Amino acid sequence: MTRIVAGSAGGRRLKVPPKGTRPTSDRVREALFSSLEALMDLDGVSVLDLYAGSGALGFEALSRGAGHATFVESDKRAAEVLKANARELGFGNTTIANRTAEAYVLGEGEKFDVVFADPPYAVGDDELAKVLRGIVPRLTPDAVLIVERASRSGEPAWPEKVESLRAKRYGDTAVYWGQVRSDG
């Protein structure tokens, strides 16, 4: 069972796509958001949840005060689950894009304060690096990027304007943090 950990929707359950997704565990989300809220105030921020799956990361951010979340998911069934989760949680401040992360980051649109990227483990380093480079023009100054990967994958190649902040392992999962350099 996947649930919202805290905030206005704390304790509410999320539907999970039938297959092909790996929702971030409650334990990892709780630790991740504790660190994120120590780094920045989430009230009103704009969030991008790439490779969204069930949307656990983006919905957790909304529950904790984010102003808007955009969910990007290439699987049509998972995108339908995202829409259902948004409806059931009462979050109208969402955009759901049924596209690949690669296609989404090449487009123009709103700027983001926080980006979550939890790609399937099969996504290679080069493909992830391309997505991270592609999103940089759509980041606000001091935006935070959080990438979840298999521990064995190693830290992503951060784009030139992004500096590595920290890395933390949770069993087979590793969470990597980057932030847009204020001089960038």
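The values are calculated or read from the model by the stated rules, or taken from the named source; none is laboratory data. Here the structure is a predicted model, which means the values were calculated and not measured. For neighbour counting, all protein chains shown are included, and Cβ atoms are generated from backbone atoms with ideal geometry for every residue, glycine included. The area values use the complete protein model at the heavy-atom level, side chains included, leaving out ligands, DNA and RNA. Shrake-Rupley method; radii C 1.70, N 1.55, O 1.52, S 1.80 Å.
Which of the following residues is open to solvent by less than 40 Å² (accessible area, probe 1.4 Å), at pLDDT 85 or above and over 24 Å from D142 (Cβ atoms): S63, S54?
After ruling out the rest, the residue left standing is S54.
Confirm whether V147 is farther than 23 Å from A9 by Cβ, surrounded by 17 or more Cβ atoms within 10 Å (Cβ to Cβ) and either without any contact (Cβ under 8 Å) to a residue 24 or more places away in the chain or touching a Phe, Trp or Tyr at 6+ places or on another chain (Cβ under 6 Å) (or both).
Yes.
Does R169 satisfy being under 23 Å from A38 (Cα atoms), part of a strand (DSSP E or B) and open to solvent by 20 Å² or more (accessible area, probe 1.4 Å)?
So R169 fits the description; yes.
Kindly check whether there is at least one residue in region 66-81 that is open to solvent by less than 40 Å² (accessible area, probe 1.4 Å) and in contact (Cβ under 8 Å) with a residue 60 or more places away in the chain.
yes
Residues are listed down the side, and each one gets a yes or a no for (1) of a type in the set (A, V, I, L, M); (2) more than 15 Å from the chain's Cα centre (by Cα):
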| residue | (1), (2) |
| --- | --- |
| D126 | no, yes |
| R133 | no, yes |
| R138 | no, no |
| D142 | no, yes |
| E148 | no, no |
| E155 | no, yes |
| W158 | no, yes |
| V162 | yes, yes |
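Give D113, D118 a once-over and let me know the one that is of a type outside the set (G, A, S), open to solvent by 30 Å² or more (accessible area, probe 1.4 Å) and in contact with a strand residue (DSSP E or B) (Cβ under 8 Å, 6 or more places away or on another chain).
Sole residue among the options that is of a type outside the set (G, A, S), open to solvent by 30 Å² or more (accessible area, probe 1.4 Å) and in contact with a strand residue (DSSP E or B) (Cβ under 8 Å, 6 or more places away or on another chain): D113.
Here's the yes/no breakdown for (1) under 14 Å from S46 (Cβ atoms); (2) of a type outside the set (D, E, K, R):
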| site | (1), (2) |
| --- | --- |
| E73 | no, no |
| V81 | no, yes |
| R87 | no, no |
| E102 | no, no |
| K111 | yes, no |
| Y121 | no, yes |
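With the structure loaded, tell me whether G92 is open to solvent by 30 Å² or more (accessible area, probe 1.4 Å), farther than 22 Å from R149 by Cα and in contact with a strand residue (DSSP E or B) (Cβ under 9 Å, 6 or more places away or on another chain) or whether it fails that test.
So G92 fails the test.
Can you confirm whether region 11-18 contains a residue that is open to solvent by less than 40 Å² (accessible area, probe 1.4 Å) and either over 14 Å from the mean Cα position of the chain (by Cα) or closer than 19 Å to D142 by Cα (or both)?
yes
For region 24-34, state whether one or more residues are without any contact (Cβ under 8 Å) to a residue 60 or more places away in the chain, of a type outside the set (D, E, K, R) and open to solvent by 20 Å² or more (accessible area, probe 1.4 Å).
yes
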